[in-house]
Amino acid sequence: MAEMLETGGDDYTKDGSVDLRGKPARRSRTGGWSACCFVVAYEVFERMAYYGISTNLVIYLTRKLHMGTVASSNNVTNWVGTVWMTPILGAYVADAHLGRYRTFLVSSIIYLSGMCLLVLSVSLPALKPPACSNPVDPGSCPSASQLQLGVFFFALYVIAVGTGGTKPNISTIGADQFDDFDAKERTQKLSFFNWWMFSIFIGTLFANSVLVYIQDNVGWTVGYALPTAGLLFAIALFLAGTPFYRHRLPAGSPFKRMAKVIVAAVRKARVPLPGDPKELYELNAESYAKKTSFRIDSTPSLRLLNKAAVKTGSTEGWSLATVTQVEETKQILRMIPVLVTTFIPSAMLAQIGTLFIKQGVTLDRSMGPHFKIPPASLTAFVTLSMLISIVIYDRFFVGFMRRWTGNPRGISLLQRMGAGFVLHIIIMVVASLTENRRLAVARASGVAESGGEVPLTIFVLLPQFVLMGVADAFLEVAKIEFFYDQAPESMKSLGTSCAMTTLGVGNFLSSILLSSVASITRRNGRRGWILNNLNVSHLDYYYAFFAVLNVINFVFFLVVCKFYEYRAETSESVGIVAGDMNEPHKREVVS
């Protein structure tokens with residue numbers, strides 16, 4: 001491998017990727033968009049399957065399992081939170097043991113099994129409670145039995161386990177198809193995550209429109225069977241691309257390597273650092289070449305961790321770490337503050353599938369005498385606005401900003417995330433004002449206490465859905481690209497899982513906030529902000545509260561950006577990347 005790097009490698013990739021048999025990958029036969037087309041196609045159908053289940057889930061819990069507003073919303077956010085937390089486990093298994101491809105295949109089988117069980121739970125009469133005649137007051141309806149609840153939620157959480165191994169690895173597999181050491185492929189990779197998200201929302205659009213309509217008007221059995229069939233087709237598409245994929249070999253547990261660095265640094269806290277970083281412990285280039293991995297040079301930041309690589313005579317496993325291991329640990333630690341800043345916006349996303357949809361249930365949904373719009377179909381406008389925004393961003397905005405800033409991405413990843421943060425503030429202000437208007441119309445028309453339909457078109461909610469899609473085009477795309485790009489080469493799945501973990505934490509945070517606010521505002525005999533009857537609730541106050549949280553979070557984000565240091569290049573790639581770009585650029589400029 002070292003020889004190939006020195007000679008240019010001809011047809012072989014230079015990033016350490018291999019084919020399925022473990023041999024060095026050939027550029028002409030593997031990778032690039034030829035391989036990515038299978039990955040992107042998979043994601044279209046997989047997201048159709050996932051959002052075919054999750055988008056209308058709060059409606060199913062309310063109408064079929066007879067849960068109240070807070071209970072149904074919390075069950076949805078807790079499940080979605082679990083879906084986005086399990087990728088940590090999937091990333092660990094992939095990076096440390098099975099590799100991304102094999103982890104993905106095993107997890108796909110689990111995922112598909114959960115989907116099949118879910119179809120059974122909504123189809124068999126014995127697994128469903130009797131129909132409810134008063135959906136406005138779920139408390140008066142027959143309760144679901146423990147068996148019925150158990151089977152339904154067991155199926156959901158089997159799906160969560162399965163997605164834990166597919167979500168962090170499929171996007172990473174896609175990004176791995178581009179060689180950072182090749183100028184053409186490196187440029188293509190800059191657009192990959194934009195089009196990756198584009199494919200996600202093509203599938204989401206179908207789920208939020210066609211599948212939601214089927215679930216509301218045809219039945220839940222067909223509405224859940226179709227996404228299950230879609231997932232099966234997606235897995236078949238992914239398998240069809242197997243001969244074209246490039247792979248990264250497992251590099252061992254990233255958590256163990258980071259723990260080793262921290263323990264060694266603490267043990268040698270009083271040991272002085274040498275004046276020359278070259279005196280720190282590091283393996284030679286040949287050792288890394290044999291492992292198809294790369295060495296990272298020492299940096300002066302987080303100097304305490306550099307002590308883990310100080311040679312003191314002891315070579316015991318937890319007393320000495322290489323400079324590369326130290327730098328990998330540093331970069332993961334640097335990303336944690338950025339990770340924290342994304343929790344509040346992720347909690348905002350949880351409102352789309354819960355309270356935003358519950359608002360739509362209370363409004364006039366008529367589109368002619370015989371057709372009513374399913375409330376969950378409004379999420380299609382999130383998808384549409386994001387699709388349009390991504391195309392405009394990638395095709396026009398990047399080119400315009402590139403000429404102005406000189407950055408190949410147009411603006412940096414953190415700047416793109418910052419734009420998303422600002423949009424989230426605007427969204428919650430708009431949502432609060434819209435809800436205030438809805439409540440005023442409900443009181444004026446005399447349907448507040450009865451919980452009846454408010455004589456106001458459901459399309460008054462459109463601005464908050466559309467703006468959420470625009471915000472996603474900035475924040476969500478930049479977030480997944482940031483954590484992939486900034487993660488060390490041997491921890492890419494872990495980095496990708498960090499982007500997904502933010503959604504998990506955000507959903508759990510939303511659940512905690514919803515329960516807390518509902519409980520606090522009900523004290524002393526007063527009506528709470530969030531009740532089963534939304535017409536006498538105060539969601540406008542709740543959304544205003546979120547707007548304030550977003551402002552505070554944005555200030556924190558600006559502070560984090562001021563001190564963030566982009567990851568250092570591997571020692572082998574600095575010269576290559578600089579030569580490719582005809583400038584002495586490092587990743588700080590690109591990111």
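Inspect all residues belonging to region 163-175 and state whether any of them is of a type outside the set (Gly, Ala, Ser), modelled with pLDDT under 90 and surrounded by fewer than 20 Cβ atoms within 10 Å (Cβ to Cβ). No, that holds for no residue. Do the conditions hold for residue 445, that is, is it of a type in the set (Ser, Thr, Tyr) and farther than 21 Å from residue 547 by Cα? Yes: the conditions hold for residue 445. Of the residues making up region 298-320, at least one is under 21 Å from residue 15 (Cα atoms), in contact (Cβ under 8 Å) with a residue 12 or more places away in the chain and either surrounded by 15 or more Cβ atoms within 10 Å (Cβ to Cβ) or touching a helix residue (DSSP H, G or I) at 6+ places or on another chain (Cβ under 9 Å) (or both). Exactly one residue out of 20, 89 is surrounded by fewer than 18 Cβ atoms within 10 Å (Cβ to Cβ), touching a strand residue (DSSP E or B) at 6+ places or on another chain (Cβ under 7 Å) and under 30 Å from residue 490 (Cα atoms): that is 20. In a residue-by-residue description of region 443-459, the property of being open to solvent by less than 40 Å² (accessible area, probe 1.4 Å), of a type in the set (Val, Ile, Thr), in a helix (DSSP H, G or I) and modelled with pLDDT of 95 or more applies to no position. Evaluated against (1) surrounded by fewer than 15 Cβ atoms within 10 Å (Cβ to Cβ); (2) assigned to a helix (DSSP H, G or I), residue 224 falls short on exactly one condition, (1).
Would a scan of region 420-440 turn up a residue that is among the β-branched types (Val, Ile, Thr), free of Cβ contacts under 8 Å to residues at least 24 places away in the same chain and open to solvent by 40 Å² or more (accessible area, probe 1.4 Å)? Don't jump to the end; show me each part of the working.
So in region 420-440, the residues among the β-branched types (Val, Ile, Thr) come out as 422, 425-427, 429-430, 434.
Among the residues that remain, those that are also free of Cβ contacts under 8 Å to residues at least 24 places away in the same chain are: none.
No: region 420-440 contains no residue that is among the β-branched types (Val, Ile, Thr), free of Cβ contacts under 8 Å to residues at least 24 places away in the same chain and open to solvent by 40 Å² or more (accessible area, probe 1.4 Å).
As for region 25-33, it holds no residue that is among the aliphatic types (A, V, I, L, M), part of a helix (DSSP H, G or I) and surrounded by 18 or more Cβ atoms within 10 Å (Cβ to Cβ).
Note on region 257-304: among residues that are assigned to a helix (DSSP H, G or I) and among the hydroxyl-bearing types (Ser, Thr, Tyr), the one that is modelled with the lowest pLDDT is 288. On the basis of being more than 22 Å from the chain's Cα centre (by Cα) and either open to solvent by 30 Å² or more (accessible area, probe 1.4 Å) or within 14 Å of residue 40 (Cα to Cα) (or both), does residue 238 make the cut? Judged against the criteria, residue 238 is not a match.
Tell me which residues, restricted to region 480-515, are acidic (Asp, Glu) and open to solvent by 10 Å² or more (accessible area, probe 1.4 Å).
485, 489
The residue list 77, 69, 103 contains one member that is in contact with a Lys or Arg (Cβ under 8 Å, 6 or more places away or on another chain), among the β-branched types (Val, Ile, Thr), buried (at least 21 other Cβ atoms within 10 Å of the Cβ) and in contact (Cβ under 8 Å) with a residue 12 or more places away in the chain, which is 69. Residue-level analysis places residue 193 among those that are in a helix (DSSP H, G or I), under 25 Å from residue 43 (Cβ atoms) and at pLDDT below 80. Restricting the first member to region 223-243 and to residues that are of a type in the set (S, T, N, Q), and the second to residues that are part of a helix (DSSP H, G or I), the beta-carbon pairs closer than 7 Å and six or more apart or on different chains are 228/49; 228/115; 228/116; 228/119.
Restricting attention to region 532-572 and to residues that are in contact with an Asp or Glu (Cβ under 7 Å, 6 or more places away or on another chain) and surrounded by 21 or more Cβ atoms within 10 Å (Cβ to Cβ), the residue that is modelled with the lowest pLDDT turns out to be 570. For residue 61, the criteria (1) buried (at least 17 other Cβ atoms within 10 Å of the Cβ); (2) touching a residue at least 40 places away in the same chain (Cβ under 8 Å) hold in every case but one, which is (2). Evaluate region 242-253: report whether one residue or more is open to solvent by 50 Å² or more (accessible area, probe 1.4 Å) and over 30 Å from residue 299 (Cα atoms). Checked region 242-253: at least one residue is open to solvent by 50 Å² or more (accessible area, probe 1.4 Å) and over 30 Å from residue 299 (Cα atoms). Given the structure, is residue 415 open to solvent by 20 Å² or more (accessible area, probe 1.4 Å) and part of a helix (DSSP H, G or I)? Yes: the conditions hold for residue 415.
When the residues of region 322-378 are filtered to those that are part of a loop (DSSP other than H, G, I, E, B) and in contact with a strand residue (DSSP E or B) (Cβ under 6 Å, 6 or more places away or on another chain), the one that is surrounded by the most Cβ atoms within 10 Å (Cβ to Cβ) is 362. When every residue of region 56-78 is checked against the conditions, none turns out to be within 30 Å of residue 190 (Cα to Cα) and not polar (S, T, N, Q).
Restricting attention to region 230-256, which residues are basic (Lys, Arg), under 17 Å from residue 318 (Cβ atoms) and outside any helix (DSSP H, G or I)?
Across region 230-256, there are no qualifying residues.
The values are calculated or read from the model by the stated rules, or taken from the named source; none is laboratory data. Please read all numbers here as calculations on a predicted model, not as lab measurements. Ideal geometry is used to build each Cβ from the backbone, glycine not excepted, and the neighbour counts take in all protein chains shown. Only protein heavy atoms, including side chains, enter the accessible area calculation; ligands, DNA and RNA are left aside. Shrake-Rupley method; radii C 1.70, N 1.55, O 1.52, S 1.80 Å.
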